[in-house]
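Step one of this worksheet: look at the structure below.
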Amino acid sequence: MVKAAINRGTSPEPPPGTHILVVGGGYVGMYTALRLQRKLKARLRDDAVRITVITPDPYMTYQPFLPEAAAGSISPRHVVVPLRRVLDRCHVVIGEVQKIDHAGRTATVTTLATEEEGTGAVEIAYDELVLAPGSISRTLPVPGLADYAIGFKTVEEAIGLRNHVIEQMDIASSTRDVAIRDAALTFVFVGGGYAGVEALGELEDMARYTARYYHNIKPEDLKWILVEASNRILPEVGEEMGQYAIRELRGRNIDVRLETRLDSCENRVAVLSDGSRFPTRTVVWTAGVKPAPVLARTDLPLTERGRLKCTAELRIEGVEHAWAAGDAAAVPDITSGGTSQAFGSGGEKGKECAPNAQHAVRQAKTLAENIAASVNGGPLKEYEHKYVGSVASLGLHKGVAHVYGRKLKGYPAWFMHRAYHLSRVPTFNRKARVLAEWTLAGLFKREIVSLGSLEHPRAEFESAAGGRPVGPGHGSGPKPSGPQGN
């Protein structure tokens, strides 16, 4: 293992000053680093402070736009924000933190370079730690899940799912086997939260529109199934709006199954806890998230659910020079007096802020100000918020919202959803591009192209070089099993 300090210069010795290490380039990581480089501009210029951001990807994904990217309403490149452009005064390192020894103020990091060099990992020393690695999909030991399901947390998954849905329609249109056709046109979504409902709503909308271009597929031929273990969907918008969302989805011939679980999806057959069996080539898993695994490889205090114990100032409890926010942090909700707003306008009893994007963006602002105050010797302030509400899209021109105590549905809620997220997506560049795409989409027809070969860009060349025939349709050749396979 190599011990090193990464900095903007070419010298192996770091310049003097306070080194702030930000782990994660998501909502919290990007917004915290962005605000820090503005508040500490003079100190950064003099090298009195250095900021390093370690992230697996060179971009931040604005996840609320993933359903629209999957439906083709927004280009994939406009759903992400390039970190190096935005964080021009920070050092962005593309890698993964494997371990943190806060007692020794070091983080063990692997990068593409360490893999090429065969050095294994490097140790990066720091003075202040911001731990915001986010979350990963929370999976259960469901047989066949790892082999056949796909998640919906990344832009790659969103675009892969879009390509896959259109590809299944191509398969159904060209086969004479009834069993294959039915399985290809059956789509199972597991999880009735934001991700599952919005992804299903947008993709069903897109597929129904696409069906008009197939001579032997009608919208009613497609079977969409939403599986939710609890007795409600979209708990964030409240019970009344959640019931409206169920009626809206069922009105579009979507099979919403409450208090139901996915027991198995082996051999491309979705088996539900109510005894139903659906041969299907598409299982989308959106049943919650859990903290990033790196948290378990630190010497920092964790809650029973694996999140970092934090104070209202966003310090990690009982530890100096360590901060956290977002999905990875259990932050006291002092505004509601111990009532979390995670489940709609009324809330339920709890002591922590909900792990959602609304809190993450707001916490990042307070976090950056507190770190800057700590570096400058100023006072810290507690994170507090005013509950704004929740909005959710159910497809083009359809949605539900509960904002500032007002309940909206249909077109007004859909418009509110777009307006809210347009105001929240970072950088003027992205706002302008997204708005332009929405405007053009309103003037022209939907794009219904599947670019499945994007997932296997070398397949055609490999076939040509090896003298093998190229796969039909998109030239991608044989694919691995799973939602994008066979």
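The values are calculated or read from the model by the stated rules, or taken from the named source; none is laboratory data. Quantities reported herein were computed from a predicted structural model and do not represent experimental measurements. Because the Cβ atoms are built from the backbone with ideal geometry, glycine has one as well, and the counts that use them run over all protein chains shown.
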Original post:
What are the residues in segment 188-214 that are more than 24 Å from L262 (Cα to Cα) and among the hydroxyl-bearing types (S, T, Y), if any?
Top reply: Y209, T210, Y213, Y214
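Looking at A158, A172, A184, can you tell me which residue is over 18 Å from L145 (Cα atoms), assigned by TED's automatic domain parsing to the domain that holds P235 and among the aliphatic types (A, V, I, L, M)?
Numbers: A158 fails: over 18 Å from L145 (Cα atoms); A184 fails: over 18 Å from L145 (Cα atoms).
Exactly one residue qualifies, and that residue is A172.
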Original post:
Only one of (1) over 26 Å from G405 (Cα atoms); (2) surrounded by fewer than 21 Cβ atoms within 10 Å (Cβ to Cβ); (3) not aromatic (F, W, Y) is not met by L203, so which one is it?
Top reply: (2)
Subject >> Condition broken by A392, with the remaining ones in (1) part of a strand (DSSP E or B); (2) small (G, A, S); (3) at pLDDT below 90 satisfied >> reply: (3)
Original post:
Inside segment 407-427, can you point out the residues that are under 17 Å from A357 (Cα atoms), of a type in the set (A, V, I, L, M) and outside any helix (DSSP H, G or I)?
Top reply: V425
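The rows are residues; the columns are (1) closer than 25 Å to V271 by Cβ; (2) among the basic types (K, R).
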position: D221; (1), (2): yes, no
position: N231; (1), (2): yes, no
position: P235; (1), (2): no, no
position: E239; (1), (2): no, no
position: G242; (1), (2): no, no
position: A245; (1), (2): no, no
position: R250; (1), (2): yes, yes
position: D255; (1), (2): yes, no
Original post:
Within segment 402-416, can one find any residue that is in contact with a Phe, Trp or Tyr (Cβ under 7 Å, 6 or more places away or on another chain) and modelled with pLDDT of 75 or more?
Top reply: yes
**OP:** Could you please let me know if L200 is in a helix (DSSP H, G or I) and in contact with a helix residue (DSSP H, G or I) (Cβ under 7 Å, 6 or more places away or on another chain)?
**Re:** no
Original post:
Going by the conditions given, is G318 at pLDDT below 95, surrounded by fewer than 16 Cβ atoms within 10 Å (Cβ to Cβ) and under 21 Å from V130 (Cα atoms)?
Top reply: yes
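Return the total of residues in segment 228-243 being of a type outside the set (A, V, I, L, M, F, W, C), surrounded by 15 or more Cβ atoms within 10 Å (Cβ to Cβ) and modelled with pLDDT under 95.
Of the residues in segment 228-243, the ones of a type outside the set (A, V, I, L, M, F, W, C) are 228, 230-232, 235-236, 238-240, 242-243.
From the residues that got through so far, the ones that are surrounded by 15 or more Cβ atoms within 10 Å (Cβ to Cβ) too are 228, 232, 235-236, 238-239, 242.
When the remaining residues are screened for being modelled with pLDDT under 95, the result is 232, 235-236, 238-239, 242.
Result for segment 228-243: 6.
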Original post:
Of the residues that make up segment 175-184, is at least one in contact with a helix residue (DSSP H, G or I) (Cβ under 9 Å, 6 or more places away or on another chain), among the charged types (D, E, K, R), surrounded by fewer than 22 Cβ atoms within 10 Å (Cβ to Cβ) and over 30 Å from G410 (Cβ atoms)?
Top reply: yes
**OP:** Sort through L440, L380, L408 and tell me the only one that's over 21 Å from the mean Cα position of the chain (by Cα) and under 20 Å from R247 (Cβ atoms).
**Re:** L408
Original post:
Where in segment 81-171 are there helices (runs of 4 or more DSSP H), lying wholly inside it, with at least 3 residues that are within 29 Å of A71 (Cβ to Cβ)?
Top reply: 83-86, 145-148
**OP:** Kindly provide the set of residues from segment 248-263 that are buried (at least 18 other Cβ atoms within 10 Å of the Cβ) and either part of a helix (DSSP H, G or I) or in contact with a helix residue (DSSP H, G or I) (Cβ under 7 Å, 6 or more places away or on another chain) (or both), ordered by number.
**Re:** E248, L249, I254, V256
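Restricted to segment 264-308, and to residues that are of a type in the set (G, A, S) and on the phi < 0 side of the Ramachandran plot, which residue is surrounded by the most Cβ atoms within 10 Å (Cβ to Cβ)?
Within segment 264-308, the first condition is being of a type in the set (G, A, S), and the residues that meet it are 264, 270, 273, 275-276, 287-288, 292, 296, 306.
Checking the rest, the ones that are also on the phi < 0 side of the Ramachandran plot come to 264, 270, 273, 276, 287, 292, 296.
Numbers: S264: 15, A270: 27, S273: 14, S276: 14, A287: 23, A292: 23, A296: 10.
Per the criteria, the residue is A270.
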Original post:
Right, D88: surrounded by fewer than 18 Cβ atoms within 10 Å (Cβ to Cβ) and modelled with pLDDT under 95 or not?
Top reply: yes
Original post:
Does segment 40-78 hold any residues that are part of a loop (DSSP other than H, G, I, E, B) and touching a strand residue (DSSP E or B) at 6+ places or on another chain (Cβ under 6 Å), and which are they?
Top reply: L40, P56, P58
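Hey, does segment 368-380 have a residue that's in a loop (DSSP other than H, G, I, E, B) and either modelled with pLDDT of 90 or more or surrounded by 17 or more Cβ atoms within 10 Å (Cβ to Cβ) (or both)?
Yes - at least one qualifying residue is present in segment 368-380.
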Original post:
Has segment 434-441 got at least one residue that is of a type outside the set (F, W, Y), surrounded by 14 or more Cβ atoms within 10 Å (Cβ to Cβ), touching a helix residue (DSSP H, G or I) at 6+ places or on another chain (Cβ under 6 Å) and assigned to a loop (DSSP other than H, G, I, E, B)?
Top reply: no
**OP:** Considering only residues that are outside any helix (DSSP H, G or I), modelled with pLDDT of 90 or more and in contact with a helix residue (DSSP H, G or I) (Cβ under 9 Å, 6 or more places away or on another chain), look in segment 322-361 and name the one that is surrounded by the most Cβ atoms within 10 Å (Cβ to Cβ).
**Re:** A325
Original post:
Quick one: what pairs do we get from segment 32-49, first residue farther than 14 Å from H91 by Cα, second surrounded by fewer than 18 Cβ atoms within 10 Å (Cβ to Cβ), C-beta under 6 Å, 6+ apart or different chains?
Top reply: A48/G17
